[in-house]
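Bear in mind that the values in this text are calculations on the coordinates, not laboratory data. Since the structure is predicted, the reported quantities are computational estimates derived from the model, not experimental observations. Methodologically, a virtual Cβ is constructed for each residue, glycine included, from the backbone with ideal geometry; neighbour enumeration extends over all protein chains shown.
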Amino acid sequence: MTCVRSASATEDRNSRRATPHVDSWSELYEQHAQHVYYLALRTVGDPTQAEDITHDVFLKAFRHLDQFRGHSSIRTWLYRITINHCRSVQATWQNRNILATDNAQILDGPSTNTEDPFRVLEVQELGERIQKTLDALPAEYSLLLLLVADEQLSYQEIASLTEQSPDAVRGKLYRARKAFVTEFQKTE
Amino acid sequence: MDTNPSQRRLQHQQQQEQTTEQQTTNRVQAGREFASVEDLLRYDASQTTPPARIAERLQDSLKAEPPPKRSWWQRLFGG
């Protein structure tokens, strides 16, 4: 059984923020791909689309590197591109149509970090429960929870990514955590 | 041997039941308790790897791209 408590996270996130150091594109990819892919996966809920989004985000970042001003961290910049791309994917009629009809894609879960068959099942089952829970929450709550789970982001950066004040982020996070725990228990 | 076939069958059945019970107990114990929603999501993220083919696709796509322009801060600081 997986238990989640609605305990509030450590508020002092700024001290944990790491400054990214990027020497090459492969390094940039290695440092951030997992986080970009995870955000995309849990936002759109489909591994194939998350794969496409991750590819497009890094390609877009490569094309628009000159627009990166260094005011935010690279991670924040990549997340901004990811969030916008996910929104545009979710908004298309074609996407809604494919998701409603193609069950095979949904059943084909994302790849996991383990080779032990029992652990694979456990991780997949947990992933499905998390996905169901996030899908049941307002999109704003899901996004806030996914962003706050990344320890590299400060509340200021989360506020900037979600276009609201840090105080508003804190308030909504409190409600988002409670809503998550309630919905998560329903998936048992 | 001091046990007849029916007793041996009973012993075997009991052993099987014990093993199944043990496995079930381990499975429950293997379950995790997360201190917060963030911890749960962090664990989920750590267990989710992007497929290797994304990097391959990206490499192919980047080969077809012209070199990126350098940003103003890179030009200024020689990045």
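Among residues other than A:His71 with Cβ under 12 Å from its Cβ, the summed charge is +1 (Lys and Arg +1, Asp and Glu -1).
As a proxy for reagent exposure, ranking A:Ile81, A:Ile53 by other Cβ atoms within 10 Å from fewest up yields A:Ile81, A:Ile53. Summing charges over neighbours of B:Lys63, with a neighbour being any other residue whose Cβ is under 13 Å away from its Cβ, gives -2 when K and R count +1 and D and E count -1. Using the Cβ of B:Arg32 as centre and a radius below 10 Å, the other residues enclosed give a net charge of -3, where K and R count +1 and D and E count -1.
The stretch between A:Tyr174 and A:Gln67, if pulled fully straight at 0.36 nm per residue, gains 35.1 nm over its current Cα-Cα span.
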